[in-house]
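Q: Structure provided below as structure tokens; questions to follow.
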Amino acid sequence: MQVGIMLSHLSYTSAEPALLFTLANKFGTSIIALYFFISGYGLMQSVRAGRGVGHLGKRLWGIFKPMLFITLMFGVYQIFYGSGYSAQWLSQLVWQGRTPLPNSWFVFVLMWLYISFWLAFRYLQRRRTPALIILLLLSVVGVIWCQVQGHERAWWATTLAFFSGSLYAEYESKIYRYAKRWWALALALLFVASLVVADIEYLLPLAYLVIPVVAIVLMNRLGYAAWIDREGGKSGEPKTSIGAQIDQGIRQLMAYLARISYELYLVHGVLIIVFRGDLIYICSDYTYALAVVVGSILVADLLHGLFHLKLRPRQA
């Protein structure tokens with residue numbers, strides 16, 4: 001998912017590799033929706049397991065801290081090598097949720113969804129259906145606010161996927177029982193296609209309410225669940241064949257990218273600008289794309305380690 005998002009954003013500044021960019025653009029928004037879906041799913045599973053909704057301030061700071069650090073670094077770069085300082089940065093941050101950081105809208109939408117989830121489930125953990133209704137209403141409020149503020153479609157089109165993930169986690173067995181049938185998948189795809197063809201902008205969130213569920217069910221039907229199973233098959237099963245080793249390698253790579261996914265999302269937009277800026281300019285499209293992808297992974301890994309560094313207490 002993370003690489004797909006990077007390629008989607010790279011397509012605006014580079015022409016090659018054209019095929020990868022075309023595919024990434026086709027599925028870029030759906031990938032964001034799937035990210036929101038997984039976030040909602042994970043929080044709901046935590047509630048179902050009795051672990052509660054967690055400490056809101058700690059959760060929000062965990063989201064905001066990396067963005068703040070990377071924004072400050074990018075702001076310094078902009079002052080010396082970019083478009084310079086803008087007096088509107090602070091007012092746009094306070095009133096519109098905009099920062100100089102590319103694609104930072106994602107962070108503010110995610111924070112709003114976390115706040116909505118906390119408000120919905122803080123006192124209704126044992127009455128999860130009413131809490132889900134509240135979560136849906138608060139998510140819709142977020143969609144409307146983004147539209148009123150005049151934010152581009154990316155801000156609000158995928159927002160309801162977070163609710164979709166929470167709903168799926170609560171009723172997973174029931175939803176999957178019906179959704180796995182081919183006729184149900186066909187109807188869901190027809191519903192999504194109808195919304196896309198109708199091209200009614202305000203109905204797009206309904207499409208991304210359904211798309212992640214269809215994607216998850218299809219991945220299970222087509223055997224993709226084996227790729228995302230953390231255990232890698234039955235315990236004690238030998239993994240000596242080349243196929244098993246490749247399978248294990250792919251699992252480890254996916255787990256690694258998932259671990260640094262948030263930092264990767266924040267930093268790749270910066271490198272897209274930096275590697276074709278006044279300080280550094282990479283002419284070759286292929287070299288540029290490779291530098292952004294590899295550089296983003298390396299920087300994201302470094303920042304993830306920095307932000308999750310745990311200092312040992314001094315021994316007396």
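Values in this text are rule-based calculations from the coordinates and carry no lab data. Keep in mind that this is a model prediction, so the values were computed, not measured. Glycine also receives a Cβ, built like all others from the backbone with ideal geometry; neighbour counts cover every protein chain displayed.
Q: Tell me, L187, L7, L132 in order of fewest to most beta-carbon neighbours within 10 Å?
A: Fewest-to-most ranking of L187, L7, L132: L187, L132, L7.
Q: Given R₀ = 30 Å, FRET efficiency for I63-I144 by Cβ-Cβ distance, to 0.05?
A: After rounding, the FRET efficiency stands at 0.85.
Q: Taking K and R as +1 and D and E as -1, what net charge do the other residues with C-beta under 14 Å from the C-beta of T158 add up to?
A: -1
Q: What is the ratio of the Cα radius of gyration of the range 129-176 to 2.2 N^0.38 Å, with N the residue count, to two decimals?
A: Taking N as the residue count of the range 129-176, the ratio is 1.30.
Q: Apply 1/(1 + (r/R0)^6) to the Cβ-Cβ distance of Y281 and L257, taking R0 = 35 Å, and write down the FRET efficiency to the nearest 0.05.
A: 0.80
Q: Let me ask something else. Can you work out the FRET efficiency for the pair V197 and L306, with r the C-beta to C-beta distance and R0 = 41 Å, to the nearest 0.05?
A: Working: r = 46 Å, r/R0 = 1.13.
After rounding to 0.05, the efficiency reads 0.30.
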